[in-house]
Amino acid sequence: SSITSIFGGSVDRLEVTQGSTVNVSGGEVSRISYTGDASGTTSISGGSVFLIEPKGSSITTVSGGSVERIWAMQDSIAKISGGSIDQIVAHSGIVTLVARDFDFGPGLSSDGTEIGGTGDLSGQWYDGTRWTVGIVSNGSEASILIPEPATLTLLTLGGLALLRRRKRRACK
């Protein structure tokens, strides 16, 4: 249940384990991976990360900075609401893009809330910044979501409840 905060400098690899938290607001991190029960959280608000490999019950949020690749595995949750993401590889995790004005490139489709296929996806973060991400893999057990505004509220409340529950467990 440790907390690691990166404000600057360079880190080759961070491993997140059992309820640990990693906050990146500056600097460079080559790789963030999860070990053990993979119940940690990672928050990227600045700096740059080459590869994030969330898995298990981990939660990753990206609200700023730049990420080369998110590789969502094993029921992990990744919520992206800002910054620059070059590639999403979704095998069996859930990736939520909190944005608007989506443009689906060739090979992509949407049923209203879930994205299917692979290709380039563009949109606009709620702060007005335009972005494009390459969806490299979109496995049959993965979900890449674009929630409606009412769903965003529920996702936020659910995420807060989950974090509170984890903190209570860590204190016992």
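As a rough guide to protection, the peptides 113-119, 68-74 ranked by mean Cβ packing within 10 Å, highest first, stand as 68-74, 113-119.
Each Lys and Arg adds +1 at its Cβ and each Asp and Glu adds -1 at its Cβ; summed about the Cα centre, the stretch 1-88 shows a dipole of about 100 debye.
What value does the stretch 73-148 have for Rg/Rh, both radii from Cα atoms and Rh as Kirkwood defines it? Numbers along the way, then the final one.
Details: Rg = 11.2 Å, Rh = 12.1 Å.
My calculation puts Rg/Rh at 0.92.
Each residue of the stretch 106-121 was assigned a 3J(HN,Hα) from its phi angle through the Karplus curve 6.51 cos²θ - 1.76 cosθ + 1.60 (θ = phi - 60°); the sequence is x, x, 10, 9, 9, 9, x, 10, 10, 9, x, x, 10, x, 8, 10 Hz, with glycine and proline shown as x. In terms of Cα atoms, the Rg and Dmax of the stretch 68-112 work out to 11.2, 29 Å.
Rule-based calculations on the coordinates, nothing more; no lab input. None of the values given here were measured: they were computed from a predicted structure. Backbone-built Cβ (ideal geometry, glycine too); neighbour counts: all protein chains shown.
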